[in-house]
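The values are calculated or read from the model by the stated rules, or taken from the named source; none is laboratory data. This one's a predicted model, so the numbers in the text were calculated from it and none came from an experiment. FYI the Cβ positions are ideal-geometry reconstructions off the backbone, even for glycines, and counts take in every protein chain you see. Protein only, heavy atoms only, side chains kept; ligands, DNA and RNA dropped before computing areas. Shrake-Rupley method; radii C 1.70, N 1.55, O 1.52, S 1.80 Å.
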Amino acid sequence: MPKLMKTIRHIIRKEFIQLRRDRRMFFVVFFAPVFQLFILGYAVNLDVRDIPTLVCDNDNTKTSRGFLSEFSNSGYFRLTAYVNRIEDIDRYLDNGKASVAIVIPRGFGDKVIAGKPAQVQVIADGSETTTGTIGLSYASMIVAGYSRDIVSQQFEWLRGRGQKLSAISPELRIWYNPELRSRNFMIPGVLALILMVMTMMLTSLAVVKEKETGTMEQLIVTPIRPRELIIGKLAPFTIIGFIDVILVVLVTTFWFHIPIKGSVPLLFGLCAIFLMTTLGLGLLVSTVSRTQQQAMMTAIFFVMLPMMFLSGFVFPIENMPRIIQFITYLLPLRYFFVIIRGLFLKGVGIVELWDEAVALLILGTIIFSMSVLRFRKKLG
């Protein structure tokens, strides 16, 4: 055992010396994750505000203006232009000066005051799917709130005249992310992506680089045994992965003000399981690649992009076709996203996350075992 540890320690020392000599790689390893977190933390934002909105108010009464003020005061819509004819709406939507148009017909105010059903039309630019869909959702919410206020006023008026009325008053509450900020949802996911990209790419490129420079053959002819070589090669990237986790957690907590509500030791323990999958994938990629370019292309197109798109980071898994949903069960990132968001936003513990942890552990064990067996076979 002492000889084993001594050999592994020498290999780890060699890896860190190589890393220190390669200043560009040193920058990539320790500064790129924080840089990526800043870029993605500000750029990957699904919140839509100040939607440029066109108004066609054919009623032009105090009631219609009060209705429009609900839109302008919401913060979601910015009333940028007014037209008198519906035919003019096309021109503004075509040249992109407006993404949403609100049309109020004549008689709107009279109907509202008389307690009759009144209609308004909200038109969204479908070429900008995200803005259009979210804009319609916001508009529906504002119209529903305005209608609720009218009903409440009529209810109070009737009750003031001695009429007995009953009503249901819903109390809506949002847990874990009350402000519905997409940044709170996305940044913990970015931590998972950075951890996957850094450890997998570094492992695959480091091993393939040894092949290209011929030093792998030198290591093979030495008395170093395969298990010592594998542990010695992977241990530095495990350490680097944990350092990156610490850096990203510090930035997430103190810069973006998204603290971890769950257990920090549990976070690092589950990160260790996830690292087993990413290091295993990196080792697996290195066994099928002869050059660093091949390793990078294989890692990006066959591992990272499918994992990123199918793991629920961008698109909800529930919206995918059924067969794709079954495939996502084979992606470790799917389970790690649930874990990392649960720890950051919900503050849950191992009792709530045990099934994701077990699935991640099983996948990690399979991937790591396959990559080690294939790597040992290559060495042999």
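Of the numbered criteria (1) outside any loop (DSSP other than H, G, I, E, B); (2) at pLDDT 90 or above; (3) under 20 Å from the mean Cα position of the chain (by Cα); (4) more than 30 Å from residue 212 (Cβ to Cβ), the one residue 278 fails is (4). Whenever a residue of the range 326-347 is closer than 17 Å to residue 273 by Cβ and of a type in the set (D, E, K, R), its partners that are modelled with pLDDT of 90 or more and open to solvent by less than 10 Å² (accessible area, probe 1.4 Å), lying with C-beta atoms within less than 7 angstrom and at least six residues away or across chains, give the pairs 334/328. Which ones in the range 91-108 are under 35 Å from the mean Cα position of the chain (by Cα), modelled with pLDDT of 85 or more and not in a loop (DSSP other than H, G, I, E, B)? Within the range 91-108, 92, 100, 101, 102 meet the criteria. Scanning the range 269-327 for residues that are among the hydroxyl-bearing types (Ser, Thr, Tyr), more than 16 Å from residue 193 (Cα to Cα) and open to solvent by less than 20 Å² (accessible area, probe 1.4 Å) turns up 286, 287, 289. Of all positions in the range 120-142, at least one carries a residue that is among the polar types (S, T, N, Q), in a helix (DSSP H, G or I) and over 30 Å from residue 256 (Cα atoms). Listed conditions (1) open to solvent by 60 Å² or more (accessible area, probe 1.4 Å); (2) of a type outside the set (Asp, Glu); (3) at positive phi are all met by residue 133, apart from (3).
For the range 23-52, residues that are at pLDDT 75 or above and among the charged types (D, E, K, R) total 2. Restricting 112, 197 to residues that are modelled with pLDDT under 85, part of a helix (DSSP H, G or I) and surrounded by 12 or more Cβ atoms within 10 Å (Cβ to Cβ) narrows the list to 112.
Taking the range 349-362 as the range and being open to solvent by 30 Å² or more (accessible area, probe 1.4 Å) and among the aliphatic types (A, V, I, L, M) as the test, the residues that pass are 350, 351, 358, 361, 362.
In the range 253-264, the count of residues that are surrounded by fewer than 20 Cβ atoms within 10 Å (Cβ to Cβ) and over 19 Å from residue 41 (Cβ atoms) is one or more.
A single member of 84, 73 is open to solvent by 40 Å² or more (accessible area, probe 1.4 Å), under 29 Å from residue 149 (Cα atoms) and touching a residue at least 24 places away in the same chain (Cβ under 8 Å), and it is 84.
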